[in-house]
Amino acid sequence: MRHRISGRQLGRNINERQSLYRSQLRSLFTNGFINTTAAKAKSILPLAEKIAAAAVRADLNARRYIFTFFQDRNVVNNIVTAFAATFPGQTQNFTQMHNVKFRQGDNALIVKLSFVKEVKSIPAEISKADRKIASDKIKSSFGGKTKAVSGEKKESAKKPVAKKTIVKKVAVKKKSVTKKESK
């Protein structure tokens, strides 16, 4: 019996469920809406409301709370700036659910979970140059070698190349001699 146990299990263990929640929340906050089943939408709705309320507060504790879900400082900053501009002073009722259809196959109700107002928080894609700069910063912080960024020429002293000598090993087969015994 499940006395005093709250929340939906969604047929998953705790790690799978947390990963599902994080991916759904990231999609919701980047795209502004998601289409999902009613059970999944109802289970992430309180989390989405709490994250949105924290984004409107925009203080250090709120940013740290949001960071626990997204693990990316740029994403957190974009969410906070977008929500502080879109919902100033609002503390609740950021999301809405609309029924979309019944899924063919298992007849599950599909709903559209979205924000009440349109929020444009994160650019869809990060440019390759920005990715390159970020990866170079990360590598250099760990003491790794970085490649030269386009526009900068890397000057390196050429070392003399030693000639390699190749030694071939020849395998010698031993002949096996068998003696025949006569009676």
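Read the figures in this text as sums done on the coordinates, not as results from a lab. These numbers were taken from a predicted model, which means no experiment stands behind them. Reconstructed Cβ throughout: ideal geometry from the backbone, glycine too, with neighbour counts over all protein chains shown.
For the listed peptides 28-40, 90-102, 55-67, a ranking on the average number of other beta carbons within 10 Å per residue, highest first, reads 28-40, 55-67, 90-102. When only the Cβ of Lys, Arg, Asp and Glu is charged (+1, +1, -1, -1), the dipole of the stretch 1-115 relative to its Cα centre reaches about 320 debye. In plain terms, the chain from Leu60 to Ala134 could stretch by 24.3 nm, reckoned as 0.36 nm per residue minus the Cα-Cα distance. For the residue pairs Lys117/Lys137; Lys42/Lys128; Lys50/Lys117; Lys50/Lys139, the alpha carbons lie more than 25 Å apart in Lys117/Lys137; Lys42/Lys128; Lys50/Lys139. Do you know the relative contact order of the stretch 14-121, to the nearest whole percent, from alpha carbon pairs under 8 angstrom that are 6+ apart? Over the stretch 14-121, the number comes to 35 percent. You can think of it this way: the chain between Ser27 and Ile110 has 28.3 nm of extra reach, that is 0.36 nm per residue less the Cα-Cα gap.
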